[in-house]
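A short worksheet on the structure shown next.
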Amino acid sequence: MNLEITEKAIEWFKNELEFHDDQALRIFVRYGGEFQLKQGFSPAFTVDPLSASEIGFKDVKNDIPFFIDEKDLWYFEGNDLVIDLNDNGEIKYEVKTSK
């Protein structure tokens, strides 16, 4: 599993969200939603403290730390997730099969 966040998406996160000390972008699994990697569930994001999570995956892109909780890794298993912007300037998710 790999998580790629494009430069356009990183700029969007920097402009739209507030990050304080010990906070990071958390990618999590929610019920429903438009993009469904596994039926009935979709990825979402929020800003959360790193210290409040059991981190399963963590990285930093352009000074923005991001992570996925251990309990949500099942959703991404065997796939690489790409977070980008669509033509309307909104966050979109794409998937690539892991090799």
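Nothing in this text is a laboratory measurement; each read-out follows from the coordinates by a stated rule. In this text the structure is predicted, and so the values were computed from the model without any measurement. Here the Cβ is made from the backbone with ideal geometry for all residues, glycine too, and neighbour counts use every protein chain on show.
Evaluate the relative contact order of the range 2-97 (contact order divided by residue number), counting alpha-carbon pairs under 8 angstrom at least 6 apart; express in whole percent.
That works out to 31 percent.
Starting from the coordinates of the alpha-carbon atoms of the range 2-97, obtain the Kirkwood hydrodynamic radius over all distinct pairs and give the value in Å to one decimal.
Taking the inverse mean of 1/r over all distinct Cα pairs, the range 2-97 comes out at 13.7 Å.
Each label point is 7 Å from the Cα along the Cα-to-Cβ direction; what then is the distance between the points at A44 and E94, in nm?
Those two pseudo-labels are separated by 2.5 nm.
Which is the longest stretch in the chain that no exposed loop site breaks, taking sites as GluC sites (Glu not before Pro) with a DSSP loop state and at most 14 other Cβ atoms within 10 Å?
In the chain, the maximal stretch lacking such sites is 55-76.
Work out the length of the dipole vector of the chain about its Cα centre, built from +1 on the beta-carbon of each Lys and Arg and -1 on the beta-carbon of each Asp and Glu, and round it to the nearest 20 debye.
That gives the chain a dipole magnitude of about 340 debye.
Which residues make up the longest stretch of the chain that has no chymotrypsin sites (Phe, Trp or Tyr not before Pro) in a DSSP loop with at most 15 other Cβ atoms within 10 Å?
It runs 36-99.
Identify, among L25, F41, N86, the residue whose Cα sits farthest towards the positive end of the charge dipole of the range 2-97, taking +1 on the Cβ of Lys and Arg and -1 on the Cβ of Asp and Glu, with the dipole about the Cα centre.
Result: F41.
Which value at 222 nm does the chain reach when only helices count, each DSSP H run of 4 or more adding -39,500 (n - 2.57), with the total divided by all residues and rounded to the nearest 500 deg cm²/dmol? Please list the in-between numbers first.
On the way: 2 runs with 14 residues, N = 99.
Mean residue ellipticity, 222 nm, calculated: -3500 deg cm²/dmol.
Full-extension gain between F28 and N62, please, as 0.36 nm times their residue separation minus the C-alpha to C-alpha distance.
Values: separation 34, 0.36 × 34 = 12.24 nm, distance 2.04 nm.
Gain in length upon complete extension: 10.2 nm.
Where both residues lie in the chain, what percent of DSSP beta bridges are antiparallel, nearest 5?
75 percent
Given a 10 angstrom Cα cut-off, can you work out which residue in V29, V60, V47 is the most mobile in a GNM of the chain?
V60
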